[in-house]
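I have placed the structure first, in the form of structure tokens, so that the comments after it can refer back to it.
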Protein chains: 2
Amino acid sequence: MRIVLDAMGTDAAPSPEVEGALMALRDAGEEVEIVLVGDESVIRAEMAKHADVPTRLHLRHAPDRVTAADSPATVVRRKPESSIVVGLRMQKDGEADAFVSAGSTGAVMAASLFTLRPLPGVERPPVGTLLPTARDLCLLLDAGANIDCKPQHLVQFAHLGSVYAKDTMERENPRVGLLNIGEEPGKGNDLTIETFELLSAAQGINFIGNIEGRDIVEGQCDVIVCDGFVGNVLLKFYESVAGYIVNLLRSELDGVEDGLVDLEHVFRVLDYAEYGGAPLLGLGGVSIICHGESPPKAIRNALSVAARAVRSDLVKHSAEDLQL
Amino acid sequence: MRIVLDAMGTDAAPSPEVEGALMALRDAGEEVEIVLVGDESVIRAEMAKHADVPTRLHLRHAPDRVTAADSPATVVRRKPESSIVVGLRMQKDGEADAFVSAGSTGAVMAASLFTLRPLPGVERPPVGTLLPTARDLCLLLDAGANIDCKPQHLVQFAHLGSVYAKDTMERENPRVGLLNIGEEPGKGNDLTIETFELLSAAQGINFIGNIEGRDIVEGQCDVIVCDGFVGNVLLKFYESVAGYIVNLLRSELDGVEDGLVDLEHVFRVLDYAEYGGAPLLGLGGVSIICHGESPPKAIRNALSVAARAVRSDLVKHSAEDLQL
């Protein structure tokens with residue numbers, strides 16, 4: 001299996017990418033190979049800082065780089081030799097099985113959509129994100145790829161999310177919830193009222209009903225579907241509020257002896273870097289987006305998620321599920 | 001000034017109501033009087049537990065009580081002698097200046113709307129909620145009264161929220177943000193894109209632009225406008241996530257000597273009870289809704305917010321602002 005890693009993605013590239021790739025290769029089985037894509041000389045210089053670079057770490061030169069100034073929609077056409085486009089093209093050409101990038105979210109989404117193409121029947125490929133809950137991680141989708149969704153889009157998200165949860169999150173019969181403003185059927189806005197009916201009738205989805213904002217952290221669901229506007233607001237809010245509350249507590253903890261309080265543990269629970277990146281779903285390939293501020297650990301985890309997706313045949317299962 | 005307090009609202013009524021009213025009267029000036037509305041014998045029995053009940057605490061009998069089983073829309077017609085309807089009618093009849101209730105949110109909203117009527121020009125009276133941020137409290141509206149909003153509704157929320165922030169939150173020139181999924185103009189869904197244009201052109205609103213989910217806790221705004229679906233999901237999520245994170249930390253703090261960590265302080269910052277209730281805005285009167293689980297402190301604070309709203313002439317200012 002070959003996973004392509006955009007080496008020019010993070011704000012501190014290529015250092016976190018190279019270190020994350022080395023960590024991932026140490027963890028992974030012998031069958032996993034990683035290809036760093038980007039400016040060859042820059043990557044080589046970074047690799048030279050590490051001893052024992054395994055032969056399973058490869059390099060593919062891509063002279064160009066996508067920046068925040070690039071319009072996502074034009075990247076494939078205007079920057080065909082960028083690390084994002086070259087990396088995704090390898091998967092399209094059968095040279096690789098998955099793509100991971102911490103570059104511009106919009107650019108990775110647009111280039112993935114264009115290069116890997118939606119699976120037959122998928123109208124709006126969603127992006128998923130993993131939220132920490134009191135029980136286990138929960139996949140929220142769509143996290144921002146599609147706004148102004150229609151009910152049938154949310155039903156597709158439910159299908160794609162269920163397959164993803166089975167294949168990469170070890171959930172046997174994933175419970176799917178619809179994010180809404182009341183528990184009873186009939187509650188909500190036009191979108192959620194109609195989606196509720198469609199999900200209740202849908203085959204192959206373990207739909208458990210409406211989920212309110214307050215239920216999310218309880219972890220009753222494996223998959224929560226919502227339109228990309230709500231999902232994006234919620235995701236960004238969660239990331240920031242966790243930091244806010246931990247900071248509040250940190251100021252209270254001044255003076256407490258080190259070691260008595262394992263703040264590290266709390267941070268880990270709240271740390272998005274732990275969970276790897278955000279998967280793009282419903283495409284004819286695997287593409288995972290990481291934060292621009294990803295540390296090596298986050299890159300390693302995203303690579304590990306990508307490997308799980310390839311190993312479990314996520315794309316094939318998604319396509320099969322959509323044909324049912 | 002007379003504030004009517006529904007004595008039958010909380011889950012533990014009338015105990016938190018009576019205690020909260022007594023606390024409020026101790027804090028407030030001599031001009032503030034409170035009228036407890038509900039079952040006279042039950043309230044009298046509760047009052048008998050307290051010494052020194054001031055003469056500024058009155059009682060108005062209302063034999064009936066709204067329960068969770070009542071459909072909010074039918075309460076005014078079917079339960080005209082309930083504490084909610086009797087209490088609101090007193091304001092309509094000029095016997096009182098404000099109404100506070102911890103009863104069924106839907107019933108209080110519907111009965112307030114019917115009894116106090118929307119101000120001229122107000123199409124969708126919103127409900128506001130106060131969110132704690134790193135700087136100061138921020139008013140989010142609509143928090144759930146109106147879903148599937150139109151752009152002009154959000155502009156009205158901005159007007160009503162600005163007046164409320166000036167009159168009751170001591171903000172001189174309230175900064176208004178539009179909750180959205182990107183900072184730049186042109187980002188968002190159909191609703192927010194159009195609302196952005198209207199707010200940019202609106203007179204008398206200090207519109208500072210789009211606010212993302214991650215900006216909320218930073219406290220850049222005094223007022224955040226959004227449709228009631230998003231607002232409700234966010235509000236309920238915030239309430240629950242604060243509890244979740246504090247619990248995470250609490251389990252880490254086992255074994256830390258008491259007194260070293262002022263968890264109480266952190267809880268206070270995150271405690272909705274501190275901020276009183278959720279105001280219904282855009283009506284021809286003052287109506288404030290509290291949680292059903294409100295402790296006496298929350299009731300006291302809601303009464304104090306109600307007193308501020310009356311003292312500052314909130315309703316008159318709102319009506320004037322809408323006529324500009």
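Across all C-alpha atoms in the stretch B:131-216, the radius of gyration and Dmax reach 12.3, 33 Å. Take chain B, mark every one of the trypsin sites (Lys or Arg not before Pro) that falls in a DSSP loop and has at most 14 other Cβ within 10 Å, then report the longest stretch left between them, sites excluded. Here the longest run is B:136-324.
For residue B:94, inter-copy separations between label points set 7 Å beyond Cα along the Cβ vector come to 8.8 nm, shortest first. Model label points for residue A:44 and residue B:293, set 7 angstrom from Cα along the Cα-to-Cβ axis, are 6.2 nm apart. The magnitude of the dipole of the protein assembly as shown, with charges of +1 and -1 set on the Cβ of Lys/Arg and Asp/Glu and taken from the Cα centre, is near 1280 debye. Dipole magnitude for the stretch A:83-145: computed about the Cα centre from +1 point charges on Lys and Arg Cβ and -1 point charges on Asp and Glu Cβ, it is near 100 debye. With a Förster radius of 41 Å applied to the C-beta separation of residue A:117 and residue A:26, the computed FRET efficiency comes to 0.75. Each listed q (0.10, 0.12 Å⁻¹) maps to a log10 I(q)/I(0) for the protein assembly as shown, found by the Debye formula over equal Cα scatterers with no solvent: -0.94, -1.23.
Treating each Cα of the stretch B:125-167 as an identical point scatterer and summing with the Debye formula, the log10 of I(q)/I(0) at q = 0.18, 0.22, 0.26 Å⁻¹ comes to -0.51, -0.73, -0.93. Each part gets one Cα centre, and for the stretch B:143-175 versus the stretch B:176-234 those centres are 11 Å apart. Here the relative contact order of chain B, from alpha carbon pairs under 8 Å that lie six or more residues apart, stands at 23 percent.
Label-to-label distance for residue A:11 and residue B:77 is 5.8 nm, based on points extended 7 Å past Cα in the beta-carbon direction. Note on chain A: the alpha carbon radius of gyration divided by the globular reference 2.2 N^0.38 Å gives 1.00.
Which entries in B:49/B:297; B:236/B:316; A:150/A:187; A:187/B:236 show an alpha-carbon gap greater than 25 Å? Beyond 25 Å: B:236/B:316.
Towards the positive end of the charge dipole of chain B, with charges on Cβ (+1 Lys, Arg; -1 Asp, Glu), say which of B:199, B:281, B:238 has the farthest Cα. Positive-end residue among those listed: B:281. Model label sites at residue B:200 and residue A:198, defined 7 Å from Cα along the beta-carbon direction, differ in position by 3.3 nm.
Can you spot the aspartates and glutamates whose alpha carbon is less than 16 Å from residue B:166's alpha carbon? Ignore those fewer than 8 places along the same chain. Cα-Cα hits under 16 Å: B:136, B:222, B:313, B:320, B:321. Sorted from nearest, the other copies put their residue A:48 label points 9.1 nm away, the label point being 7 Å from Cα in the direction of Cβ.
Listed by number, the DSSP H helices of chain A that run 15 Å or longer by alpha-carbon position along their axis and have mean Kyte hydropathy of at least -0.5 are A:15-27, A:105-116, A:151-169, A:190-201, A:228-252, A:296-311.
Every helix of 4 or more DSSP H residues in chain B counts as -39500 (n - 2.57), and over all residues that averages to -13500 deg cm²/dmol at 222 nm. Give me the percent of Cα-Cα pairs in the stretch A:142-191 that sit more than 18 Å apart, rounded to a whole number. Of the Cα pairs, 41 percent sit more than 18 Å apart.
Once a ≥ b ≥ c are taken as the square roots of the eigenvalues of the Cα gyration tensor of the stretch A:19-175, is the result rounded (a/c under 1.5), prolate (a/b larger than b/c) or oblate (a/b not larger than b/c)? Because a/c hits 1.5 or more and a/b fails to exceed b/c, the stretch A:19-175 counts as oblate.
Any read-out appearing in this document is the output of simple, stated calculations on the displayed coordinates, not a laboratory observation. What you see is a predicted model; the values in this text were computed from it and never measured. Don't worry about glycine lacking a Cβ; one is built from the backbone with ideal geometry, like all the others, and counts go over all protein chains shown.
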